[in-house]
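A.B. asks: Sharing a structure here in structure tokens format.
The values are calculated or read from the model by the stated rules, or taken from the named source; none is laboratory data. The structure displayed is predicted, hence computed values, not measured ones. Counting neighbours? That spans all protein chains shown, and the Cβs are built from the backbone with ideal geometry, glycine included. Side chains included, ligands, DNA and RNA excluded: accessible areas come from the protein's heavy atoms. Shrake-Rupley method; radii C 1.70, N 1.55, O 1.52, S 1.80 Å.
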Amino acid sequence: MNVDRFLDGRLKLRHLVLVTVVADEGTLVGAAKAMHVTQPVVTRSLQEIETIIGVELFARGPRGVRPTQYGDILIEHARAVIGNVRAAAGRIHELQRLGMEPVRVGTNLAGAYSLLPQTLIRLKKAHPHLTVSVVEAMPEELGLQLARGEVDVLVGRIQPSSLRAALRHVRLYDEPVRLVVRREHPCLGTHAGGIEDLMDLPWILPGRNTQLRQEIDELFDRRGLPLPANIIECSTILTLRTVLLETDAVAPLPMLIGARDPLLDMLPLPLDTVPREIGITTLADRPPSASTRLLIKGIVETARETDPVLPEPRS
């Protein structure tokens, strides 16, 4: 392969958009509909890209297409390029419109419940024209969105990652995981036993592909226990909180959720899971915008003022 083919002007942004849409749709017909063009246009454009690059990007089959190994690589980087272009367009538009760039922040349970909302309330009072877009998703998906340039900063649990060398973390505090229940739960005020005494209750657990779920599964395994039979898998705070308030369910959650919600409480049962390191994550090789720096500064200040015993932030 001649690497110069990628930079000689023949490979265009529309080609990158096309390969991502084909990958998402799984068929050329679906990609054509999504892009509002005919199937022959998609077929021709895909052949054009493969000729430019010199490799087959998709394997054709009777039920559709799937990326080859070469296609997987190009699609991954195409998404990053498209995300960066969209980010540039959004930043330029907002700078023209309001004089401030927008900020896109990704968060999960640990950041979404208190830390980020309190920061946004204070930040918007000081800078009412600053647009902040909040994306709540699983930590692994948020890491991908950060790498693609689809979000500017992450707030929540600092995730171990193969990309860690390319990331910059600001640690704010460590937050244990506790079993959270509704304030009038029948197990509150009783003698503290172990999780084996809670097996008949409904449980709300994180999704199977999350680090916290792996830790919870390992906790039951160390105790020689199967997982409870009555489980809901959920990592969305609105759904999760409603189920907790209306049932006798228990949920392993970051401690501050149980401590700061007037309708929730925590069972007096420590969990020997790994402490959750809560902080801010950005890309090391992408300097944050002035607006992103304002948000980061606000998050750090909120973390320090909310709980005076929290340690000083460190990079």
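A.B. asks: Within the range 114-140, take every residue that is at pLDDT below 85 and not in a loop (DSSP other than H, G, I, E, B) and give me the one that is surrounded by the most Cβ atoms within 10 Å (Cβ to Cβ).
C.D. replies: Residue satisfying both the conditions and the ranking: 139.
A.B. asks: Only one of 276, 304, 286 is modelled with pLDDT under 90, open to solvent by less than 20 Å² (accessible area, probe 1.4 Å) and not small (Gly, Ala, Ser); which?
C.D. replies: 276
A.B. asks: Out of the residues in the range 147-201 meeting the condition of being open to solvent by 40 Å² or more (accessible area, probe 1.4 Å) and of a type in the set (Ser, Thr, Tyr), tell me which one is modelled with the lowest pLDDT.
C.D. replies: 162
A.B. asks: If you go through the range 172-195 one residue at a time, do you hit one that is of a type in the set (Ser, Thr, Tyr) and free of Cβ contacts under 8 Å to residues at least 40 places away in the same chain?
C.D. replies: Within the range 172-195 (the criterion being of a type in the set (Ser, Thr, Tyr) and free of Cβ contacts under 8 Å to residues at least 40 places away in the same chain), the answer is yes, since at least one residue qualifies.
A.B. asks: Based on what the data block shows, is residue 107 under 19 Å from the mean Cα position of the chain (by Cα) and farther than 16 Å from residue 27 by Cα?
C.D. replies: In short, yes.
A.B. asks: Residue check, residue 272 against (1) farther than 30 Å from residue 196 by Cα; (2) acidic (Asp, Glu); (3) part of a loop (DSSP other than H, G, I, E, B); (4) more than 20 Å from the chain's Cα centre (by Cα), all met but one. Which one?
C.D. replies: Failed condition: (1).
A.B. asks: Could you look through the range 202-223, keep only residues that are among the polar types (S, T, N, Q) and in a loop (DSSP other than H, G, I, E, B), and pick out the one that is least open to solvent (accessible area, probe 1.4 Å)?
C.D. replies: Filtering first and then ranking leaves 210.
A.B. asks: Name the pairs: first residue in the range 293-306 and assigned to a helix (DSSP H, G or I), second residue open to solvent by 50 Å² or more (accessible area, probe 1.4 Å) and among the hydrophobic types (A, V, I, L, M, F, W, C), Cβ to Cβ under 9 Å, at least 6 apart or on different chains?
C.D. replies: 294/126; 298/126
A.B. asks: Taking the conditions exactly as written (over 23 Å from residue 148 (Cβ atoms), surrounded by fewer than 16 Cβ atoms within 10 Å (Cβ to Cβ) and not small (Gly, Ala, Ser)), does residue 36 satisfy them or not?
C.D. replies: Spelling it out, residue 36 is indeed over 23 Å from residue 148 (Cβ atoms), surrounded by fewer than 16 Cβ atoms within 10 Å (Cβ to Cβ) and not small (Gly, Ala, Ser).
A.B. asks: When residue 28 is evaluated against the numbered criteria (1) within 17 Å of residue 77 (Cα to Cα); (2) at pLDDT below 95, which criterion, by number, is the only one it fails?
C.D. replies: Of (1) within 17 Å of residue 77 (Cα to Cα); (2) at pLDDT below 95, only one is false for residue 28: (1).
A.B. asks: If you check 111, 106, 71, which single one turns out to be assigned to a helix (DSSP H, G or I), crowded, with 21+ Cβ neighbours inside 10 Å, in contact (Cβ under 8 Å) with a residue 40 or more places away in the chain and out of contact with any Lys or Arg (no Cβ under 9 Å at 6 or more places or on another chain)?
C.D. replies: 71
A.B. asks: Is one or more of the residues making up the range 42-60 in contact (Cβ under 8 Å) with a residue 12 or more places away in the chain, open to solvent by 80 Å² or more (accessible area, probe 1.4 Å) and not polar (S, T, N, Q)?
C.D. replies: Yes: one or more hits.
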